[in-house]
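Beneath this line is the structure, given in structure tokens, with notes to follow.
The values are calculated or read from the model by the stated rules, or taken from the named source; none is laboratory data. Computed from a predicted structure; not experimentally measured. Cβ placement follows ideal geometry from the backbone for every residue including glycine, while neighbour counts extend to all protein chains displayed.
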Amino acid sequence: MKVAIVHEWFVDYAGSERVVEQLLQVYPEADLFSVIDFMPDHLRKHILNKRANTTFIQKLPFARKHYRNYLALMPLAIEQLDVSAYDVVISSSHAVAKGVITHAGQVHICYCHSPIRYAWDLYHQYLRESGLNKGLKGLLAKSILHYMRMWDYTTANRPDHFIANSSYIARRIKKVYNREASIIYPPVDVDSFSISMAKEDFYLTASRLVPYKKVDMIVETFAQLPDKKLVVIGDGPDFNKIKAKVRSNIVFMGYQPFEVLKTHMQKARAFIFAAEEDFGIIPVEAQACGTPVIAFGKGGACETVIEGVTGILYKEQHVRSLVNAIYEFESRITDFAPSVIRKNAERFSSEAFKTKMSEFVKESYHKTN
């Protein structure tokens with residue numbers, strides 16, 4: 001069985017690249033395809049030191065840093081990738097990868113992280129936060145995203161099978177593409193985290209500091225709870241904005257290496273999570289340390305955090321709602337057993353992902369052949 005793996009772009013090592021990494025653990029002989037490949041050499045070990053077959057965008061001016069500016073060309077580019085020699089094509093898609101062209105003798109399985117967020121459900125938010133909701137630039141951006149929506153919908157039948165990374169994304173796939181999707185949760189490296197029974201008197205949040213992560217809201221919440229300590233780990237565009245809101249009970253650590261992050265996850269009384277994520281890896285990592293999670297109750301967190309058992313889910317992305325959740329957590333703190341929390345995290349292990357993907361691909365391939 002000859003396998004091709006199609007990914008949007010290789011520039012970093014984040015959630016979608018972890019999926020490709022684990023797929024390569026299952027299919028080490030697979031060839032990689034992507035729009036561009038500028039992954040730094042020190043990260044290339046995660047993809048078995050392979051280099052992807054790329055498109056013409058790889059050679060366009062400033063593509064290394066500003067590849068997103070070529071979004072309008074990506075549908076054309078992805079269709080130029082020739083994967084016709086492969087039995088199975090697995091696309092890891094959150095933008096255009098699912099649009100790769102295959103023929104009737106192939107099986108195309110799309111592992112969908114999400115339909116294109118900025119073209120569909122986050123369309124208005126994206127335009128507003130990017131300052132593109134008016135003017136000539138705004139008109140151009142809206143035209144491009146309209147074209148992307150049209151192309152994205154018309155290519156929804158190219159994959160033979162969709163796999164969603166959560167029930168939340170399966171519902172989005174159904175709404176946007178009118179396609180049913182199986183669910184296989186993405187791989188979380190739970191083995192890199194170990195349980196700690198001894199918790200200290202502080203709360204932790206950690207993420208990239210970008211608007212939708214709502215770290216500013218978490219900081220504002222603890223500014224109203226001066227008797228409770230919060231540790232914030234992370235870096236990003238909102239660094240200065242968030243730092244300006246820090247009070248004496250809040251420790252703002254910025255970027256920290258993995259070992260420091262892990263130690264704080266193990267020792268924290270609870271991990272605070274405020275984003276609406278498609279899945280959300282870091283709440284699972286916290287649970288792998290036996291640490292309960294206080295999370296916004298929408299999106300993937302509803303599938304990874306068990307209410308009243310491994311954490312608390314609050315209903316609104318608002319300071320008041322989070323304050324109430326923290327008080328509720330403290331009133332029930334003895335209900336959260338580290339060993340039970342760790343057990344829940346193990347459902348999302350890399351091994352579980354690899355086993356389920358392997359079985360799905362094998363079954364799909366044999367049905368076709």
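Just a few scattered comments:
- Subset of segment 75-117 (residues that are among the charged types (D, E, K, R) and surrounded by fewer than 24 Cβ atoms within 10 Å (Cβ to Cβ)): 79, 82, 87, 117
- Within the span defined as segment 29-36, every residue fails to be in a helix (DSSP H, G or I), touching a residue at least 12 places away in the same chain (Cβ under 8 Å) and assigned by TED's automatic domain parsing to the domain that holds residue 81.
- So residue 99, is it in the same structural domain as residue 177 (by TED's automatic domain parsing), under 23 Å from residue 162 (Cα atoms), at pLDDT below 95 and of a type outside the set (A, V, I, L, M, F, W, C): no
- Test: residue in segment 47-56 that is within 21 Å of the chain's Cα centre (by Cα), more than 22 Å from residue 182 (Cα to Cα), in the same structural domain as residue 177 (by TED's automatic domain parsing) and not small (Gly, Ala, Ser): yes
- Taking segment 212-311 and the strands (runs of 3 or more DSSP E) fully enclosed by it, the elements with 2 or more residues that are over 23 Å from residue 342 (Cβ atoms) and either hydrophobic (A, V, I, L, M, F, W, C) or outside the structural domain of residue 328 (by TED's automatic domain parsing) (or both) are at 230-233, 250-254.
- Where a residue in segment 326-348 is in contact (Cβ under 8 Å) with a residue 60 or more places away in the chain and over 25 Å from residue 166 (Cα atoms) and its partner, wherever it lies, is among the hydrophobic types (A, V, I, L, M, F, W, C) and in a helix (DSSP H, G or I), with Cβ under 9 Å and at least six apart: 326/222
- Taken over segment 146-177, the criterion of being under 17 Å from the mean Cα position of the chain (by Cα), free of Cβ contacts under 8 Å to residues at least 24 places away in the same chain and either buried (at least 17 other Cβ atoms within 10 Å of the Cβ) or within 22 Å of residue 88 (Cα to Cα) (or both) is satisfied by 170 alone.
Residues are listed down the side, and each one gets a yes or a no for (1) within 14 Å of residue 266 (Cα to Cα); (2) touching a helix residue (DSSP H, G or I) at 6+ places or on another chain (Cβ under 7 Å):
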{"site": "190", "(1), (2)": "yes, yes"}
{"site": "199", "(1), (2)": "yes, yes"}
{"site": "208", "(1), (2)": "no, no"}
{"site": "211", "(1), (2)": "no, yes"}
{"site": "223", "(1), (2)": "no, no"}
{"site": "228", "(1), (2)": "no, yes"}
{"site": "231", "(1), (2)": "yes, yes"}
{"site": "243", "(1), (2)": "no, no"}
{"site": "246", "(1), (2)": "no, yes"}
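- Criterion (closer than 27 Å to residue 320 by Cβ and outside any helix (DSSP H, G or I)) met by exactly one of 132, 204: 204
- When 342, 320 are checked against the criterion of being over 22 Å from the mean Cα position of the chain (by Cα) and over 23 Å from residue 46 (Cα atoms), a single residue qualifies: 320.
- Flag for residue 316 being assigned to a helix (DSSP H, G or I) and out of contact with any strand residue (DSSP E or B) (no Cβ under 6 Å at 6 or more places or on another chain): no
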